[in-house]
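Undergrad: This is the structure, below, for whatever I ask next.
The values are calculated or read from the model by the stated rules, or taken from the named source; none is laboratory data. Keep in mind that what you see is a predicted model, and the values were worked out from it rather than measured. Quick reminder, even Gly has a Cβ in these numbers, built from the backbone with ideal geometry, and neighbours come from all protein chains shown. SASA here: full protein model, heavy atoms, side chains in, ligands and nucleic acids out. Shrake-Rupley method; radii C 1.70, N 1.55, O 1.52, S 1.80 Å.
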Amino acid sequence: MGMNLTQKLIASHLVAGEMKAGTEIGIAIDQTLIQDATGTMVWLQFEQMGVARVKNRVCVQYIDHNLLQTSFENADDHLFLQSMSAKYGAIFSRPGNGISHFAHLERFDRPGETLLGSDSHTSTGGAMAMLAIGTGGSEVAAAMAGQPFYFKMPRVVRMQLVGAFPEWVSAKDLILELLRRMTVKGGLNQVMEYTGPALDKMTVSERATVANMNQELGATAGVFPSDEQTRRFMRAQHREPEWRALAADADAGYDEEIEIDLSKLEPLIAKPHSPDNVVPVREIAGLPVRQVCVGSSVNSSYRDLKVTAEIVKGKHVAPNLHMTLSPGSRQILINLEKDGAMLDMALAGVRGLEVACGPCIGMGAAPPSRGPSIRTFNRNFPGRSGTADDEVYLCSPEVAAATALTGVLTDPRTLGQPPRVREPDDYIIYTDDFIFPSNGGQPVEIVMGPNIKPVPVPEPLADEIKGEVLLKTRDNISTDDILPGGARVLPLRSNIPAISEHTFEYVDATFPQRAREKGGGLIVGGENYGQGSSREHAAIAPMFLGVKAVLAKSFARIHWSNLINWGILPVTFANAADYARVEERDLLELYGVREAISSGKELAVRDVTKGLTFAVTHDLSKRQIEILLDGGLLNHIRKSQVTGRRSHVTGPKPQVTGHA
Ligand code: MIC
């Protein structure tokens, strides 16, 4: 039997482990991507790994999240990130140059390579036949230092796409349909591999929409083949020489196969407060709307913004709402300027925002209290927009633009003929805001503002964990619940003592104070604990407040790794019914923890308050056990360097070349 594309991408980069679903493997990383909200932690950790230059073929530092500069913090961070990039050999993408995922697609994504990014939507690179994975900053720092990236060998699910999109239906509706069917946890430890005849007509921009939000399925990655569409996109980006064809073998096998007939899809929308709360637009059409936001890291391509412009051209945004626009890159903005689309949108009353993630992460344009906000973004977790009682809906640019005109949620099929938009065969190329590093050797002064504080380092895992259940959460708690984004909190990403004061702010604002008073404790979580972003701050801040263990029904992939890498023990209830028995404020005790996780899968938990004992289990690899015992990834790497221990690496060292 031949290989599927995912297997090919993994096999060509495998440095540790066996390609057996569910077991830990290590792969070499060709490219890394960092953004500013996670970047300071990445560089502060990288610096301690004792490596003189970044070892990946390409490493790009983007500035796309913290662009509202209401005080000095974000601007200071940008200077720090620029100076670290210059010192260690990363490409620096200046503020306003592009949202990492789209700018990377235009300039750096390359079929057949691996990409690791400290942003969960790094998955967007899968649109160009890359294995593109989002993860926590410490793992990205390790990859930059030349270490392999470790993860569970995924199950590979074939998404066979047939048919063609009906009028007014587009790629966003496809990924919303997958979310409707599979839910936000349906893709755990899986790679969705998109195949089928429908791909002949699906452009790279459309694939990027699907690959970006593939992350919302809780999946490891999503992968498209490299074909004539990929070639056309790369040619239009003046990068055709980097193209190569790449696809699954004709006789490849898959762990599961799902067929989607695109012609059966209709305009869909995710209602508050989860990307999988999906219904047809027609079911809730007529809902009065206060805000429409187009763009950000998904649906910010030339195609999507040109479609938006064509729909609103010659008309005007309804008086009861505001409409914003966040292009994916400055290059997209320039191309839209040139062909008049920006003028069409300006005349229609659209508010052009910066080239940045913007309102998606609550960086400006927070919606009014309980005012429905219709967005082409990828997440609608409660409070993420910056408004505590927000009502955020997720949909395609077609639905958003139609709604902006009528003032109520509108099925675009009621507008008549859809616009016909063809992506350019030749884009105006804009690369002037990438600052390439020199070959090294020149001294670089590191600029470090007063808000940038040292990275707190966890203690080695304690043998006895005793403490109160500081919080018991519902299912699907997101990292936005654990540590909110938004314009108030994001500038504190470089300052853990300060940002930790916002831990669980919208869930229970007393959490930080109680954690401090009790000298730390434990958290009890439901299913899919920690879904969403890659922000390791959602693990570092609880660690800083003394959280020692999280007991959950199940964990989301990235947050699970972040907990381990920051020295917090993640365990699951052996019997899900025990979740219901444990209550907030119960006193829990775990004894002999170090020995128990090293020698077996099960640990006993004593609920002193209830007078009962129950079992929890772990799914840690030998490598992860060592990391926990050492007190997190950074400690582990430093210890391995001192002792020369590389116990977890069984294959050859990764063959990655540096810039210098
Ligand atoms: C997000 O979409 O949630 C973010 C903001 O891009 C995060 C990164 C972060 O929190 O810094 C992500 O997706 O990883």
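Undergrad: Kindly provide the set of residues from the stretch 498-514 that are in contact with a Pro (Cβ under 8 Å, 6 or more places away or on another chain) and more than 16 Å from the ligand (Cβ to nearest atom), ordered by number.
TA: Matches in the stretch 498-514: Glu501 only.
Undergrad: Looking for something open to solvent by 10 Å² or more (accessible area, probe 1.4 Å) and in contact with a Ser or Thr (Cβ under 6 Å, 6 or more places away or on another chain) - is there at least one such residue anywhere in the stretch 33-41?
TA: To start, the set of residues in the stretch 33-41 that are open to solvent by 10 Å² or more (accessible area, probe 1.4 Å) comprises none.
So far as the stretch 33-41 goes, no, none of its residues is open to solvent by 10 Å² or more (accessible area, probe 1.4 Å) and in contact with a Ser or Thr (Cβ under 6 Å, 6 or more places away or on another chain).
Undergrad: For residues that are part of a helix (DSSP H, G or I) and of a type in the set (S, T, N, Q), scanning just the stretch 1-32, find the one that is surrounded by the fewest Cβ atoms within 10 Å (Cβ to Cβ). Give the derivation first.
TA: Quick first cut of the stretch 1-32, residues part of a helix (DSSP H, G or I) only: 5-11.
Restricting the remaining residues to those that are of a type in the set (S, T, N, Q) gives 6-7.
Details: Thr6: 29, Gln7: 22.
Among them, the one singled out is Gln7.
Undergrad: Let me ask you something else. Give the stretch 203-237 a look and list any residue that's over 18 Å from Leu131 (Cα atoms) and either within 23 Å of the chain's Cα centre (by Cα) or β-branched (Val, Ile, Thr) (or both), or say none.
TA: Result: Thr203, single match.
Undergrad: Tell me, which residue of the stretch 543-554 that is open to solvent by 20 Å² or more (accessible area, probe 1.4 Å) and under 26 Å from Gly26 (Cβ atoms) is farthest from the ligand (Cβ to nearest atom)?
TA: The first filter runs over the stretch 543-554 and keeps only residues open to solvent by 20 Å² or more (accessible area, probe 1.4 Å), leaving 543-544, 548, 553-554.
From the residues that got through so far, the ones that are under 26 Å from Gly26 (Cβ atoms) too are 543, 554.
Details: Met543: 17, Ser554: 20 Å.
Filtering first and then ranking leaves Ser554.
Undergrad: In the stretch 63-181, which helices (runs of 4 or more DSSP H) lie fully inside it and hold 3 or more residues that are of a type in the set (Gly, Ala, Ser)? Give the derivation first.
TA: Values: elements: 72-88, 100-107, 137-144.
Answer list for the stretch 63-181: 72-88, 137-144.
Undergrad: From the list Gly39, Gly50, Gly89, which residue is under 30 Å from Pro241 (Cα atoms) and touching a residue at least 12 places away in the same chain (Cβ under 8 Å)?
TA: Values: Gly39 fails: under 30 Å from Pro241 (Cα atoms); Gly50 fails: under 30 Å from Pro241 (Cα atoms).
Matching residue, one of Gly39, Gly50, Gly89: Gly89.
Undergrad: Kindly indicate whether Arg244 is out of contact with any Lys or Arg (no Cβ under 9 Å at 6 or more places or on another chain) and open to solvent by 20 Å² or more (accessible area, probe 1.4 Å). Give the steps one after another, and end with the answer.
TA: Details: out of contact with any Lys or Arg (no Cβ under 9 Å at 6 or more places or on another chain): no; open to solvent by 20 Å² or more (accessible area, probe 1.4 Å): yes.
For Arg244, the condition - out of contact with any Lys or Arg (no Cβ under 9 Å at 6 or more places or on another chain) and open to solvent by 20 Å² or more (accessible area, probe 1.4 Å) - is not met.
Undergrad: Taking the stretch 359-397 as the search range and keeping residues that are open to solvent by 10 Å² or more (accessible area, probe 1.4 Å) and more than 25 Å from Arg474 (Cα to Cα), which one is nearest to the ligand (Cβ to nearest atom)?
TA: Result: Met363.
Undergrad: Any idea which of (1) within 24 Å of Thr23 (Cα to Cα); (2) over 25 Å from the mean Cα position of the chain (by Cα) is the one Val605 doesn't satisfy?
TA: (1)
Undergrad: For the stretch 217-227, which residues satisfy the criterion of being under 12 Å from Ile558 (Cα atoms) and not in a strand (DSSP E or B)? Lay out the reasoning, then the answer.
TA: Step one: list which residues in the stretch 217-227 are under 12 Å from Ile558 (Cα atoms), which gives 218-221.
Listed by number, the residues that qualify are Gly218, Thr220.
Undergrad: Okay, next question. Tell me, yes or no, whether the stretch 342-364 has at least one residue that is part of a helix (DSSP H, G or I), among the β-branched types (Val, Ile, Thr), at pLDDT 95 or above and under 15 Å from Tyr302 (Cα atoms). Show your work before the answer.
TA: Residues of the stretch 342-364 that are part of a helix (DSSP H, G or I), as a first pass: 342-347, 358-361.
If we keep only those that are among the β-branched types (Val, Ile, Thr) as well, we get 361.
Checking which are at pLDDT 95 or above leaves us with 361.
Imposing the further condition that a residue be under 15 Å from Tyr302 (Cα atoms) reduces the set to none.
No: zero hits.
Undergrad: How many residues does the stretch 329-341 hold that are open to solvent by less than 30 Å² (accessible area, probe 1.4 Å) and either without any contact (Cβ under 8 Å) to a residue 40 or more places away in the chain or outside any helix (DSSP H, G or I) (or both)? Don't jump to the end; show me each part of the working.
TA: Residues of the stretch 329-341 that are open to solvent by less than 30 Å² (accessible area, probe 1.4 Å), as a first pass: 329, 331-332, 335-336, 340-341.
Add one more test, that the residue is either without any contact (Cβ under 8 Å) to a residue 40 or more places away in the chain or outside any helix (DSSP H, G or I) (or both), and what stays is 329, 336, 340-341.
Residues that pass the stated criteria total 4.
Undergrad: Can you pull out every residue in the stretch 365-401 that is closer than 19 Å to Glu177 by Cβ and part of a helix (DSSP H, G or I)?
TA: Across the stretch 365-401, the qualifying residues are Pro397, Glu398, Val399, Ala400.
Undergrad: Please state which of the following conditions Leu394 fails to meet, knowing it meets all the rest: (1) modelled with pLDDT of 95 or more; (2) on the phi > 0 side of the Ramachandran plot.
TA: Single failed check for Leu394: (2).
Undergrad: Run down Glu167, Glu73 and say which single residue is open to solvent by 20 Å² or more (accessible area, probe 1.4 Å), within 15 Å of the ligand (Cβ to nearest atom) and out of contact with any strand residue (DSSP E or B) (no Cβ under 8 Å at 6 or more places or on another chain).
TA: On the way: Glu167 fails: within 15 Å of the ligand (Cβ to nearest atom).
Only one candidate qualifies: Glu73.
Undergrad: Checking the condition in contact with a strand residue (DSSP E or B) (Cβ under 7 Å, 6 or more places away or on another chain), within 16 Å of the ligand (Cβ to nearest atom) and closer than 28 Å to Leu9 by Cα, which residue from Phe108, Phe92, Phe102 passes?
TA: Details: Phe108 fails: within 16 Å of the ligand (Cβ to nearest atom); Phe92 fails: within 16 Å of the ligand (Cβ to nearest atom).
Unique residue meeting the criteria: Phe102.
Undergrad: Taking Asp119 as the residue in question, decide whether it is open to solvent by less than 10 Å² (accessible area, probe 1.4 Å) and among the charged types (D, E, K, R). I'd like the intermediate steps shown before the answer.
TA: Values: open to solvent by less than 10 Å² (accessible area, probe 1.4 Å): no; among the charged types (D, E, K, R): yes.
So Asp119 does not fit the description; no.
Undergrad: Would you check which residues across the stretch 430-444 are open to solvent by 60 Å² or more (accessible area, probe 1.4 Å) and either modelled with pLDDT of 95 or more or in contact with a Cys (Cβ under 8 Å, 6 or more places away or on another chain) (or both) and list them?
TA: First, the residues of the stretch 430-444 that are open to solvent by 60 Å² or more (accessible area, probe 1.4 Å): 432, 435-436, 439, 441-443.
Within the stretch 430-444, Asp432, Ile435, Phe436 meet the criteria.
Residue by residue, here is whether (1) within 16 Å of the ligand (Cβ to nearest atom); (2) open to solvent by 10 Å² or more (accessible area, probe 1.4 Å); (3) of a type in the set (Ser, Thr, Tyr) holds:
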{"residue": "Ala541", "(1), (2), (3)": "yes, no, no"}
{"residue": "Trp560", "(1), (2), (3)": "yes, yes, no"}
{"residue": "Asn575", "(1), (2), (3)": "no, yes, no"}
{"residue": "Val582", "(1), (2), (3)": "no, no, no"}
{"residue": "Leu587", "(1), (2), (3)": "no, yes, no"}
{"residue": "Val605", "(1), (2), (3)": "no, no, no"}
{"residue": "Gly611", "(1), (2), (3)": "no, yes, no"}
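Undergrad: Go through the stretch 447-482 and give me each residue that's more than 23 Å from Asn565 (Cα to Cα) and either in contact with a Pro (Cβ under 6 Å, 6 or more places away or on another chain) or open to solvent by less than 50 Å² (accessible area, probe 1.4 Å) (or both).
TA: Within the stretch 447-482, Gly449, Asn451 qualify.
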